[in-house]
Each structure stands twice: as structure tokens, then as C-alpha cells.
1. Let me confirm one metric for peptide B:12-22, namely the mean number of other chain beta-carbon atoms within 10 Å of its residues' beta-carbons.
2. So how strong a dipole does chain A carry about its Cα centre when Lys and Arg Cβ are +1 and Asp and Glu Cβ are -1, to the nearest 20 debye?
3. Run the lone-cysteine check on the protein assembly as shown: no other Cys C-beta under 4.7 Å from the residue's C-beta.
4. With each label point set 7 Å from Cα along the Cα-Cβ vector, what nm distance links C:A248 and A:Q170?
5. Between B:R172 and A:D243, what is the FRET efficiency for a Förster distance of 56 Å, r being their Cβ-Cβ separation, to the nearest 0.05?
6. For labels at C:A178 and B:R26 in the simple 7 Å Cα→Cβ model, what's the distance in nm?
7. By how many degrees, between 0 and 90 and to the nearest 10, does the Cα long axis of helix A:169-186 differ from the longest principal axis of chain A?
8. Mind listing which GluC sites (Glu not before Pro) in segment A:78-159 are in a DSSP loop and have 15 or fewer other Cβ atoms within 10 Å?
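Only the coordinates and a few stated rules stand behind these numbers; no lab work does. These numbers were taken from a predicted model, which means no experiment stands behind them. Glycine gets a Cβ as well: all are built from the backbone with ideal geometry, and neighbour counts include every protein chain shown.
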Amino acid sequence: MTKPAVFVENLTCSYAGKRALDGVSLTIPTGASFSLLGPNGAGKTTLINILCTLQGADSGIAMVAGVDVARHPTQARNSIGVVFQDSSLDDRLSAWENLEFHGLVYGMPARKRRQRIDAVLDLVELSDWRETVVRSFSGGMRRRLEIARALLHEPALLFLDEPTVGLDAQTRQRIWAYLDQLRRERDLTVFTTTHYIEEVEGSDQVCILDGGRIVAEGSPQSLKDEYARSWLHVVPLDAAARDTIAAAVPDCRELSHGRLAIPLAGADKVDAFLGQFGSLLAETRYEPPSLESVFLSLTGRELRDRMADRHAIEQAAGRRAGRR
Amino acid sequence: MSRILPLLRGVYGIWLREILRATRDRGQMIGGVSRPLVWLLIMGVGLNPYFRGEVFGEVRYVVPYTYLQFLFPAVIVLNIMYTSIQFAVSVIWDREFGFLREVLVSPMPRPLILLGKVLGGSTAATLHGAIVLILARFADVTLTPDQVVMALGAMFALSFGLTCFGVLLASRIRSFEGFGVFSNTIILPLYFTSSSIFPLDPALSRTQMAATYPEWLVFMVQINPITYAVDLLRGILINFNQFPPAYGPAVIAAMAIGFFLLALVDFGRSK
Amino acid sequence: MTWSRWRAGLVNIAAVSLLLVAVSFLPPDTSLRDVQRSGVLKVCVPPTFPPLVTGNATDPGFDVELVQHIADSLGLRLALNPLAAMGSDFNPRNWLLTRAQCDMIAGGLADTLQNRGFLQMLPTGVETGWVVVSRGGTLPAAGATVAVLPATSGFARVALSSWLRGRGWQVQRAANPAALLESVADDQASIGITERFLISTGDAAERGLSVAWLTEEGFARNQMALGLWKGDQTLWRAVNGVVDAMKADGSLEALRHRYGLSGGLDDAPEP
């Protein structure tokens with residue numbers, strides 16, 4: 001049997017008195033598509049940093065492609081490609097020069113470098129922009145170029161930290177399709193962190209991280225089967241109505257904007273609930289079992305306030321681009 | 001060999017990136033020209049009447065060279081100082097905008113990453129110093145190929161030390177704004193107390209003897225390592241040394257080695 | 001591909017270099033223009049300092065002919081300004097030369113460090129230094145009497161007097177070159193020590209005396225030079241250009257030869 005692509009055991013890491021990772025254990029088989037799901041501050045970036053050898057852990061074992069990252073960081077680095085959450089391109093250099101730099105730093109010989117640069121530029125459809133200085137690239141083009149760069153040295157394991165921010169649906173699909181092909185052909189393992197549910201549904205293995213702990217792990221379907229319940233999201237008419245409902249349904253969850261989530265055991269429960277409280281509600285919405293509802297069940301919180309979040313991230317990306 | 005070659009490629013890549021960035025940065029290039037122009041053309045020519053001879057023996061400023069010749073090597077050092085220390089901006093920049101992480105997850109060992117960066121920075125600084133040599137004609141400094149080669153060597157060694165110093169600064173400074181203030185409070189005082197624009201040696205003539213500088217100023221000049229760098233370049237370019245000629249190479253070598261080791265310690269610590 | 005990567009940077013470097021080259025052709029001062037405007041090149045000379053300045057109309061002296069050629073080449077009228085002080089005092093400081101009196105100083109100025117502190121020197125390829133006048137060509141033992149005639153060319157006399165004391169010789173001050181030769185020829189002094197040009201016109205050979213360089217440590221020979229005021233860079237360049245041309249076409253050597261200045265002297269032997 002081949003070694004797992006990632007092996008983490010009892011990993012603990014804290015800084016400034018706060019525990020970022022608390023006894024995390026995790027195994028990802030080679031060739032898998034793995035998604036790490038969790039809200040901001042759950043410890044996703046800390047875990048990636050440790051696996052990428054940028055940061056040390058307090059205790060526990062972290063291995064990448066069978067190599068202990070703490071003991072043999074250089075060896076581990078050779079087998080990983082990383083796309084960071086924030087752009088790490090040099091925007092005074094052209095697309096081609098950024099890739100050339102990467103190839104040189106990874107010690108690739110000239111001919112192979114040229115060949116691979118052409119291949120990855122083709123993949124992300126940036127061949128026409130190879131001589132263009134990165135400064136003039138849009139956010140989506142930068143992302144694509146970064147993914148191309150991370151694949152340049154043919155890593156066994158690809159880390160994507162919040163990879164698809166700012167990408168249009170078409171590009172996203174294309175990149176996933178290519179990554180899937182690489183997984184099949186070369187046993188590439190893809191490690192993604194995200195807080196977008198859509199990203200996760202297609203992966204082989206999902207891990208939900210919250211407060212530095214793994215709260216659930218498995219394939220998307222098994223997680224749904226195990227943890228997902230149907231929920232009824234309701235908007236009460238006023239605060240008094242809300243209190244009444246909360247008192248009557250003790251296992252309801254409070255959501256943002258004064259909404260409540262009512263757990264439903266079966267379809268008949270909906271009718272019973274609406275019959276009882278229908279007059280107190282301004283709006284109701286039925287939520288079928290999904291990973292989002294898995295997350296809600298496990299943590300008692302929504303994964304995120306979707307629109308506000310996306311807006312904030314894109315704003316930050318824009319500011320970065322502007323400041324350069 | 002098969003192990004060393006990829007590492008050399010990496011050092012070359014990092015060096016290349018620094019050079020490309022430095023030469024493409026118009027602002028930096030303009031700074032590299034405006035400083036020698038301001039110092040040699042404006043200041044050197046402007047102050048020339050105050051240092052020229054009116055009555056034999058009545059010169060206030062007794063060095064066996066003209067003021068422009070005296071100033072010329074110091075302007076080279078000034079240009080190198082600015083470029084080297086402002087190289088720290090590029091280090092802060094890389095850190096702020098994440099590029100550093102791209103290099104840190106690569107298989108390049110940390111010391112070689114630092115070496116590549118410092119070599120790139122010092123090449124750029126040497127280039128800026130070499131630009132000043134074009135003005136040798138204007139300052140009436142005659143240059144032989146030997147002198148140029150020796151001067152370039154000294155300039156590179158000085159650039160190396162100062163670039164490492166810049167990296168040390170960068171690891172202690174968190175913001176660009178803070179760096180601007182800091183660099184000016186470091187570069188200009190170091191420049192002015194390096195005996196760059198006035199000679200220190202009071203023994204050249206009786207007139208000069210009557211006008212010795214206060215001890216505190218002499219002390220500041222003597223403890224300033226840049227003094228010896230300027231002195232070394234003066235020795236090479238106009239054959240004039242105020243201090244024993246061995247001091248210059250010794251101080252520059254000590255700076256290059258010392259600051260590189262310190263920078264290495266700092267860089268290894270940075271995440 | 002490789003070329004395009006460097007293009008932006010090289011364009012910047014080329015632009016900057018071109019600018020500096022252009023700037024280096026700017027005149028750093030107005031000295032040449034001032035002289036050209038007045039049409040006169042004023043040169044201070046001693047009344048006589050053979051063979052550099054003789055005072056004859058037919059053979060006016062090496063330096064005089066040289067500056068005449070320079071003035072002609074620059075399209076200027078030569079105005080010689082003989083200063084009595086230059087002939088009578090050995091210390092250039094006491095000549096009280098000012099810019100108002102002359103643009104250039106010729107006739108008996110040595111290219112010494114001390115003089116370079118006040119003037120910009122333009123060596124003419126004529127050597128001078130301390131010479132030993134003797135009958136047998138040997139240095140005498142301690143206790144002997146030595147006739148000394150100090151030089152006017154402004155080089156260190158302190159070293160000479162301490163060397164003389166160190167040898168344990170009685171020093172007898174000679175009033176003029178003739179007196180020096182006289183006292184050696186008449187055996188009043190074992191040897192005479194003076195500066196080369198002071199006795200170059202004397203009848204040393206007729207008196208059977210030999211003249212040789214003093215080769216002791218610390219008595220370097222100096223080039224004779226034309227002196228220009230410090231800070232008169234443009235005039236210096238123009239004059240230097242003429243002298244270089246004379247060196248190149250051999251006319252400078254011819255002039256030296258005509259005044260018997262091309263050949264050297266022998267070194268004085270050790271006792």
C-alpha cells in the first residue's frame with residue numbers, strides 16, 4: 001500500500017495563548033480530493049501552514065507524501081505546490097517571468113522549465129498574456145496564474161487555500177476538471193480549504209474544522225446521511241413571536257438577522273409547526289439536507305453569512321491589487 | 001553536482017528577479033541619477049568658489065585635490081547607501097504581499113534565499129554606484145581600467161554589507177511609512193559624518209590645523225564605518241587616503257561578513 | 001525571450017547613462033570663458049629661474065616657451081608677470097600670489113603634495129630634486145662642512161636639514177649658486193647640496209665638479225609643473241589638452257631637449 005498523501009496525528013498549535021489547532025488527526029489517501037471546511041478562524045490556514053512547512057506545530061506529527069515536515073522540510077517542500085489565500089505573484093514581472101522564477105527556484109533544468117511553462121499557461125488559458133506584466137491582470141487571471149505556478153514543478157500534493165475567490169464559474173469548472181484529470185493520471189492529491197459549500201460537494205473527503213478541532217469527517221454523502229437534518233428557516237414577525245417560538249421549540253438554533261432554524265425530524269413536522277406558529281411568521285424556507293445543514297447541526301452556527309463574506313474577500317483582493 | 005546545480009539555479013532566479021525589478025523600477029533609477037547630479041553638479045559646483053584658491057596658501061580647504069574630485073568617491077558611496085538600504089523596502093514588500101511565502105515553501109534552503117536576495121540587491125546597488133563613474137569626466141577624475149575594476153570590487157563588497165544591513169532593518173520595521181523616516185535618519189547622518197564633504201585630517205597644512213573640528217565630531221567621523229568605505233574609494237579613485245589604507249578593506253569586509261551573519265540569524269527566525 | 005526580459009531594464013540604464021554622459025560635458029566653472037573673454041593668459045614667473053625662465057629674449061626658458069605655446073594654441077595673448085618674490089624666497093606661501101596677478105604659475109614650481117593643496121598641478125615632465133655637487137663624487141664623513149643652498153620650488157626643507165644633522169655635518173649656507181660652486185671648488189666645503197635647477201646654469205663642469213641626484217630615503221624627485229588655481233577646472237582641461245598634444249607630437253620632448261632637460265643625472269654614490 002502506498003503512503004497516505006497527508007498524515008496528521010494529534011497536531012496541536014497555539015499562539016498568543018489561543019489554541020489554533022487542538023489535537024487534529026487526519027489521513028488523506030494519495031490521489032484524493034480533500035476539502036477542509038470551516039469558518040474563518042477555525043484553524044484552516046494554520047493547518048495548511050504547518051503542512052507547507054511555513055510554521056511549526058507545538059506537538060503532534062504532520063507528514064506530507066510520507067515525509068515528516070518538521071524533520072525534513074526541504075524534502076517535503078519538493079512534493080507540494082501551494083496556492084495561497086492572498087496573491088503571492090510578483091506583479092512587476094510578466095506571467096512568464098513569474099513562472100520562470102518558480103521553475104528556477106525549484107531547480108528545474110531549462111528545457112523542462114520551458115516545456116512545463118507552456119503546458120501550464122495553456123491549461124489556465126493565459127498563453128496570450130505570457131509577456132504581460134502581472135500588475136495589469138484581473139483577480140481571476142492572477143488566481144489562474146497562481147494555480148499554473150503551483151502545478152509547474154509537478155507536485156504530488158496541491159494545497160489550495162481558498163482557491164476560487166474571484167473566479168468565474170467557467171474557469172472554476174475547467175480548473176477542477178483539469179485537477180481531476182491529474183488526480184486520475186498522476187495520483188495528484190488536492191487539498192482545498194474553503195468555506196464555500198459548492199466547492200466541497202464534488203470532493204472525495206470532507207473534513208469540518210471548528211475552533212481548532214475536527215468535528216466531522218467523511219465523504220460528502222456520508223456526512224449528509226449521518227448528520228444532516230432538514231431545517232425550517234423562519235423569520236418571526238417580531239421579537240415577542242421569536243421568544244414564543246424559541247420557548248416552544250427548545251432545540252431551535254438562532255441565526256443572524258433574528259432568524260430561527262427549526263430542526264425537522266420528518267415532513268409531517270413541518271405541517272405541525274406551521275399549524276402551531278404560522279401566524280407568527282413573516283417568512284419560511286425549507287432547507288433540505290446539505291453540507292451546510294451538516295455544519296449547522298454540528299456547530300450550531302451557520303457556516304457564514306455568504307454574501308457579506310464574499311464581498312469582504314473580494315474587496316480585500318481589490319485593495320491589494322490597487323495598492324501595488 | 002546534481003544537487004548543487006538546482007540550488008545555484010534557485011540563487012540565480014532570486015538574483016535575477018531582484019535585478020529585473022530594480023532596473024525596471026523607473027523611480028529607483030531616477031533616484032540613482034538625481035543624487036549624483038544634485039551632489040556633484042549642484043553642490044560640488046555651487047560650493048566650488050568657496051574651496052578654490054584665491055591667494056596661494058590662503059585656501060581654507062587643504063586637500064591635494066579639487067573639491068569635485070574629493071566629493072566624487074563620496075557620492076558613489078551615497079548612491080550605494082541609498083540603493084542598498086532601500087533594498088529593505090523590497091524585503092518588506094515581499095513579506096507584506098505574500099511573495100516571500102512563495103519562496104519559503106520552495107525547496108531552497110533559507111540561507112540561499114537570503115544570499116540570492118542580498119546578491120541581487122548588492123548588484124543593483126553596485127550598478128547605481130557605477131553609474132556615478134560616468135561623471136568622472138565632469139569631476140576630472142581620470143580612471144584607468146585597473147582603477148575601475150578595483151573600484152567596482154570595493155563597491156560590490158560595500159553594497160553587500162549595506163544590503164545585509166538593510167535586511168536587518170527590514171526585519172525590525174513593520175511598515176513602509178516607518179521605513180521612510182528611518183532610512184533618512186540613518187543614511188544622511190552616516191553620509192555627513194563619513195568625512196564625505198569635508199576632510200578630517202588637520203595635519204595637511206597650517207591653515208587647516210588652525211581650523212580643527214571639535215572632538216565630538218571627529219569622534220563621530222571616526223566611529224562611522226562609512227568613513228572608511230569613502231576613504232577606500234578615495235584611495236582607489238584619486239589616490240588619497242586620510243586613514244591607513246588597510247582600514248577601508250578591513251571595515252568593509254567586517255561589515256559584509258558581520259551583517260550577513262546577523263541577517264541570516266534574523267531571516268531564519270522570520271516566518 | 002531572453003532579450004525581451006532585459007529590454008525594459010536596459011532601456012532604463014541606457015537612458016540614465018546617456019543623461020549622465022551628456023551632463024558630464026557641462027563646464028563645471030567659468031575660468032576658461034573668463035580668460036577667453038579677456039583674451040589674455042596671465043602667467044606669474046620668477047624673474048629668472050634658469051633654464052625654465054632665463055630672462056633672455058632669444059632663449060626665454062623652457063617654461064616660458066611652453067606657456068607661450070599654450071597661449072598661442074588657445075588663441076590668447078601671453079602676459080608674463082615676473083614676481084621678485086618668487087625668485088628670492090623658497091616658500092611659495094610667501095610669494096603672495098593672487099588670482100588677480102595670474103591665471104597660471106610657471107617657472108620653478110614642483111609637483112609636491114604641499115603645492116597640490118593649493119594649486120592644481122600640470123606636470124611638464126621635467127624632474128627636479130636635491131643634488132649633490134662634489135669633486136670626487138663621494139659623500140664625506142661626519143664632521144665635514146657642507147654648503148647648502150635651499151631650493152625655491154617649495155619642497156620640504158625640514159627633511160633635508162634633519163638628514164644633514166643626522167650625518168653630523170657642519171652646514172654652511174651658500175648665498176647663491178655661484179657661491180656654492182665656489183666653496184666646493186675651493187675646498188671650503190666637501191660637497192654642496194642644492195636643488196637641480198639652481199646650479200644648472202653654473203659652471204660646475206668647467207670647475208671639474210660632478211652633479212648627481214641625492215638618492216637618500218625620503219628625498220623623492222619631483223616633476224616640475226605648471227600651477228593653476230584650484231577650481232579652475234575648465235582652464236586646466238584646456239591647458240592639459242595642449243600639453244597632451246605636445247606630448248603626442250613630440251614637441252614637448254624637443255623643447256626639453258633644447259634646454260638640456262631631457263637627460264637625467266646620475267645617482268650620487270654612498271660614502
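1. 5
2. 1120 debye
3. A:C13, A:C52, A:C207, A:C252, B:C164
4. With each label point 7 Å from Cα toward Cβ, the separation is 7.0 nm.
5. So the FRET efficiency works out to roughly 0.50.
6. Distance between the two pseudo-spin positions: 7.8 nm.
7. Taking the Cα atoms of chain A, the angle to A:169-186 is about 60 degrees.
8. A:E125, A:E131
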